[in-house]
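*Asks:* The structure's right below; bear with me while I get my questions together.
The values are calculated or read from the model by the stated rules, or taken from the named source; none is laboratory data. On a predicted model such as this, the values are computed, not experimentally measured, just so you know. A quick note on method: Cβ atoms are made from the backbone with ideal geometry, for glycine too, and the neighbour counts reach across all protein chains shown.
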Amino acid sequence: MPGKNVQDKNDIAPVDLVQSRDVMSDDSFRENPPSREDSSFRDEPLQNVENTEPSLDADSQVQAQKLIRYRFKFHGNAREFFGIWIVNILLTIVTLGAYSAWAKVRQTRYLYGNLEFADSRFQYLAEPKAILRGRLIALILLAPYIYFSYVDPQLAGVIFIGLLLIAPILIVLANRFRFHNTAYRNIRFRFSGTIGEAYMYYTVLPVFAVFTFGLAIPAVIKAQREFKMNNTAWGANYFSTQASYGFFYSLMFLLLAVMLISGLALALGFGFLAGMNGALEFLQLFSFVPGMLFYVFILHYFNSSVFQHMLERSEIAGAKFETFQIKPGTYANIQATNLLAIIFTAGLAYPWAKIRSLTYLTENISVLSKVGMEHIVQADTEESNAISEEVANMYELDLGL
Amino acid sequence: MKGIYWNGQNSRPQPVDVYFGEGALNVQFENSGHTANYAEYKISERIANIPRYFNFPDGAQIEVMDNEAVDQMLENHDLSFKLETEKQTIVLATLFVVIVSALILVVGLPRLTDVLAPQVPVSLLSRVSEPVIATLDEEVFGESQLSEEEQEKITDAFVQLQLQESEFTYRLLFRDGGKIGANAFALPDGTVVLTDQLYDLADNYEQIYAVLAHEIGHVEHRHTVKSVIKQAGVASLFAGLFGDVSFISDLVIAAPMMMTQMANSRQMEEEADSYSHEVMAYHKFSPEHFANIMEKLDESSLDESENWASFFSSHPATSERVEKARQLAKQVRLEN
């Protein structure tokens, strides 16, 4: 073979892996040949090892336990994504919507395929036909509800309750599909939550929470998130999460406080806006914008807080997550400014906004692993039920659950 | 070309060199020196510069970063890829999407609405309106304190304000407005509600008639039905464009929807105003009355902090409508 430093790695046992420095995942393959597979096929120039900024504590922890730190890197850029997005919309319009499933698949493949972790990219494997089927089903489910909500509100109410009752089924199916069609290093992810369990977490527990005057709500949400996380696996490796009750309860109190304060602010704000009635009329068209910005900010603040917490408390295959670099306030800011950009560009800024928020989220997560990435083993397929995989693969139920 | 072989059983990358000849793939494993030939394989489509995959029937795959090399091997580029990356196509696509969306929103949808709205049978409108009144009576309204004579007097005038041959069967209901306060509104089937508080607010009967005429205008133009159809249309448009039902939860996309909705209501209020002016003129009432009652309603709604919900309801700037009415009044005075 043309001159490369190739060594036979087949007899290196995992215990030989010792890394006591932070390395960018790109470089981990090049810096210490005896403990890595040779990946110089990439033919990229050696990059400088960048010292990442984690705290001193993390550093010494890394030293002590001889852990390896991996980072995510997102390669997507707005220009590329805009091209894909706008052309796909064009094709969707021209085909009166028929192309929409293919559009969704290409866009998602682009985003997954540009997410790099430990020198490998993610894959989105869904087939457009399954997505199309899922969308038709969603339409069949929602159309009667929407129709009757105008014509016969009582019947619509009944339908709504019916939809609520089957929601756990949809949640399980949607998650199964999504994870089954996500792969990393040619090993698929998996969601193993059962429908029965879903009913427990998404119907029984919430109803119970109502009877506690809402006091149990944070606990129920915690349980739901843990259910989702603990039933997600990459190959044979399940996430194992232990979230904190204290976190969810303090978050709820924070939310209540915010709502109280914002209620006051809104009352004051209305006085001001009402005074604008005569003078700046065209601005009335934008009068809902401050409210929306506020809502978006709060929504994403809480969402990212929960996301960060769940990840921070999770382990998979002996690896832990470091998420302290995610600041919910910053992320919420990003989303709020995204909203402004989208409004003022008639939607054209959407691809840019998407890339922007994804980049922030992914590049601020790192993974501390005890073993090198190449020593994870795939599940024996005895656990995966063939039928449920087929069902899993049939519908992409993108109902925003 | 260089690639990484992933066997699908474990996460260990195995660097390979891939050669293509006579339709078969020749793969050399760099570490072990082992070679393999694959006659059956599928190649993933090209999307920007994400890795390309050769997928084998046994579930293994080879990941290749060099898309150009793969394309050369295939002797062409994916059509989708070409469209998505060619500058001209992107620019054209942008223009097309923006123009078509604008056309649909500004022209297509309103036309469609105007065609569909009259198709909705009046009986259906009654079925829809019934529960609304029932709920309002339960939750908000109290019994009207107006005397029977007053109610009769206003109802007689109300009949005069209607069109000679309307397809709608109007009825005027008097209520104590409760939390809603001074107000009048119409349901799609021709039921119009007038609150005692509005009666109290008005200086004279003509002002009340102006408001009632405005409400009749809403019914005749089928505004409620139209706004429902338009809302559904806009929602479908955005669902089609952005491809998800989950966009509803993504406020980022709901913004344009809200904006079109608000613009739409503004137009509807103007139409109802015009109707009111016409009818009032027919009965030789001055447009001044409309202007006055609008101003009074505006002031009263500012006072009531409870009415913050109505601020978000779509009433466009009252001052514009008042201005318009005053201009009309001037014209009428000049003509006389």
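*Asks:* May I ask you to say which residue of B:Asp137, B:Asp176, B:Asp189 is touching a residue at least 40 places away in the same chain (Cβ under 8 Å), acidic (Asp, Glu) and over 23 Å from B:Ala281 (Cβ atoms)?
*Replies:* Just a single option satisfies the conditions, and that option is B:Asp189.
Conditions (1) farther than 21 Å from A:Tyr147 by Cα; (2) in contact (Cβ under 8 Å) with a residue 24 or more places away in the chain, marked per residue:
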{"residue": "B:Val106", "(1), (2)": "yes, no"}
{"residue": "B:Thr113", "(1), (2)": "no, yes"}
{"residue": "B:Val132", "(1), (2)": "no, yes"}
{"residue": "B:Gly142", "(1), (2)": "yes, yes"}
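*Asks:* Working only within region B:154-165, note down all residues that are under 18 Å from B:Ala184 (Cα atoms) and free of Cβ contacts under 8 Å to residues at least 40 places away in the same chain.
*Replies:* B:Thr155, B:Asp156, B:Val159
*Asks:* Let me ask another. Across region A:321-355, what is the number of residues that are over 15 Å from the mean Cα position of the chain (by Cα), outside any helix (DSSP H, G or I) and farther than 19 Å from B:Ile90 by Cα?
*Replies:* Residues that pass the stated criteria total 4.
*Asks:* Further question on the same structure: Quick check on this structure: which one of A:Ile161, A:Ile140, A:Ile146, A:Ile221 is under 24 Å from the mean Cα position of the chain (by Cα) and either in a helix (DSSP H, G or I) or surrounded by fewer than 17 Cβ atoms within 10 Å (Cβ to Cβ) (or both)?
*Replies:* One residue alone meets the criteria, A:Ile221.
*Asks:* State whether the residues of region B:226-240 include one that is assigned to a loop (DSSP other than H, G, I, E, B) and either at pLDDT below 90 or farther than 27 Å from A:Phe82 by Cβ (or both).
*Replies:* No, the conditions are met nowhere in region B:226-240.
*Asks:* Another question, if that's okay. Does A:Ala126 meet the test of being surrounded by 19 or more Cβ atoms within 10 Å (Cβ to Cβ), small (Gly, Ala, Ser) and on the phi < 0 side of the Ramachandran plot?
*Replies:* yes
*Asks:* Could you please give the count of residues in region B:118-140 that are within 13 Å of chain A (Cβ to nearest Cβ) and over 30 Å from B:Gln197 (Cβ atoms)?
*Replies:* Matching residues across region B:118-140 total 4.
Every residue, every condition in (1) under 17 Å from B:Asp273 (Cβ atoms); (2) modelled with pLDDT under 85; (3) surrounded by fewer than 16 Cβ atoms within 10 Å (Cβ to Cβ), yes or no:
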{"residue": "B:Glu299", "(1), (2), (3)": "no, yes, yes"}
{"residue": "B:Asn307", "(1), (2), (3)": "no, yes, no"}
{"residue": "B:Phe312", "(1), (2), (3)": "no, yes, yes"}
{"residue": "B:Gln331", "(1), (2), (3)": "yes, yes, yes"}
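*Asks:* Further, regarding this structure: Determine whether A:Asp152 is among the acidic types (Asp, Glu), free of Cβ contacts under 8 Å to residues at least 12 places away in the same chain and within 14 Å of another protein chain (Cβ to nearest Cβ).
*Replies:* yes
*Asks:* A follow-up question, please. Of the numbered conditions (1) farther than 30 Å from B:Gln9 by Cβ; (2) in contact (Cβ under 8 Å) with a residue 40 or more places away in the chain; (3) crowded, with 20+ Cβ neighbours inside 10 Å, A:Ala167 satisfies every one except a single condition; which is it?
*Replies:* The one condition A:Ala167 does not meet is (3).
*Asks:* Exactly one of these conditions fails for A:Gly196: (1) buried (at least 19 other Cβ atoms within 10 Å of the Cβ); (2) in a helix (DSSP H, G or I). Give me its number.
*Replies:* A:Gly196 satisfies every listed condition except (1).
*Asks:* With B:Asn55, B:Asn37, B:Asn76, B:Asn49 as the choices, which residue is without any contact (Cβ under 8 Å) to a residue 24 or more places away in the chain, under 19 Å from B:Leu25 (Cα atoms) and within 11 Å of another protein chain (Cβ to nearest Cβ)?
*Replies:* Criteria check complete, one pass: B:Asn55.
*Asks:* All but one of (1) modelled with pLDDT under 90; (2) buried (at least 18 other Cβ atoms within 10 Å of the Cβ); (3) in contact with a helix residue (DSSP H, G or I) (Cβ under 9 Å, 6 or more places away or on another chain) hold for B:Gly8; state the number of the condition that does not hold.
*Replies:* Result: B:Gly8 fails condition (3) only.
*Asks:* Still on this structure, I have one more. Please work out which residue is surrounded by the fewest Cβ atoms within 10 Å (Cβ to Cβ), limiting yourself to region B:276-296 and to residues that are among the aromatic types (Phe, Trp, Tyr) and within 21 Å of B:Ala182 (Cβ to Cβ).
*Replies:* B:Phe285
*Asks:* Oh, and also: From the residues in region B:7-32 that are under 17 Å from B:Gly59 (Cα atoms) and in a loop (DSSP other than H, G, I, E, B), which one is farthest from the other protein chains (Cβ to nearest Cβ)?
*Replies:* B:Asn7
*Asks:* In addition: Just one of A:Ala167, A:Ala130 is more than 30 Å from B:Arg52 (Cα to Cα), touching a Phe, Trp or Tyr at 6+ places or on another chain (Cβ under 9 Å) and of a type outside the set (Phe, Trp, Tyr); which is it?
*Replies:* One residue alone meets the criteria, A:Ala167.
*Asks:* Could you tell me how many of the residues in region B:81-96 are touching a residue at least 24 places away in the same chain (Cβ under 8 Å) and facing another protein chain (nearest Cβ under 7 Å)?
*Replies:* Residues in region B:81-96 being touching a residue at least 24 places away in the same chain (Cβ under 8 Å) and facing another protein chain (nearest Cβ under 7 Å): 2 in total.
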